[in-house]
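Report on the structure given below.
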Amino acid sequence: MGELRKIAFSKGSDHSPTHLKGSPDVIPIKKAFRFLNFWIKHPTFKSVVRENWKVDFSGDPFYMFNQKLKKLKRALSGWSKSTYGDIFQKIASLEEVVLVHEDEFERNPTVQSRQRLQKVQADLIKYLALEEEFWKQKAGMNWFQDGDRNTKFFHAQVNGRRKRLQLKRIQNSEGIWLEDSTEIAEEAVEFFQKQFQEDTVPTDFRILEHVPSMVDSSQNAKLIQQPTEQEIKLAVMGLNGDSAGGPDGFTGAFFQSC
């Protein structure tokens, strides 16, 4: 994303030239899986899901469901690389190809050269649309309506959110400010380890006798009964399509489409 780009195609990318300087001190972070909603529109998407969902695992239903999602992650990641490749790199390459064909058409305005130019322009438009969908999903702006290309705006929203969520320093239990990334990570792990463990296990639960009962047996029976298929479907269709409900990275749009 940091390379200099120039494009003569009037409906092309809205990227501005950027100069990036990489820091050798920054430890590379492995990116978590993120389902991209534009995958759904590809004609082979559903077949990839079906093929990798049929594998049986032994265990309780929640474990099997989780294992199927894990298997599907690997399959979709490989499928995306072979189907779409790196869309940002593809756009950069297509922009150069468009320029070449534009020059060729200006020098030799034949029907064949026009057709070749229109073909690469159509390919570029397709990948630009994918890029916009990518940034729109990452921006998480559900209120924004489709219209003119807004890639630059969505990108700015994502970068702004990253800056707001970035931790520059934290204070440890002794009140000392930590700014080193390794020290911050170690302190975070230590804090939550202490937060979720007990030195002693309670054995006296008589205090529960003083908690009033707010639910009778008939109400409790309704609360613990299995949900119906219609209730499950309504819950799935009510999910936010652009947001992942958990760390697995699958958005609501995935479950709604599959």
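Which residues in region 215-257 have a backbone N closer than 20 Å to a point placed 7 Å from the Cα of residue 208 along the Cα-to-Cβ line? Hits in region 215-257 for residue 208 at 20 Å: 215-225.
Packing order of peptides 248-254, 67-73, highest average first: 248-254, 67-73 (average count of other Cβ atoms within 10 Å over each peptide's residues). A Förster radius of 25 Å combined with the Cβ-Cβ distance from residue 66 to residue 194 puts the calculated FRET efficiency at roughly 0.35.
Once both labels are positioned 7 Å from their Cα atoms along Cα-to-Cβ, the gap between residue 243 and residue 173 label points is 3.4 nm. Taking all protein chains as they are arranged and a probe of 1.4 Å, the heavy atoms of residue 102 leave approximately 30 Å² accessible to solvent.
The values are calculated or read from the model by the stated rules, or taken from the named source; none is laboratory data. This one's a predicted model, so the numbers in the text were calculated from it and none came from an experiment. Glycine also receives a Cβ, built like all others from the backbone with ideal geometry; neighbour counts cover every protein chain displayed. The accessibility values were calculated without ligands, DNA or RNA, using every heavy atom of the protein model including side chains. Shrake-Rupley method; radii C 1.70, N 1.55, O 1.52, S 1.80 Å.
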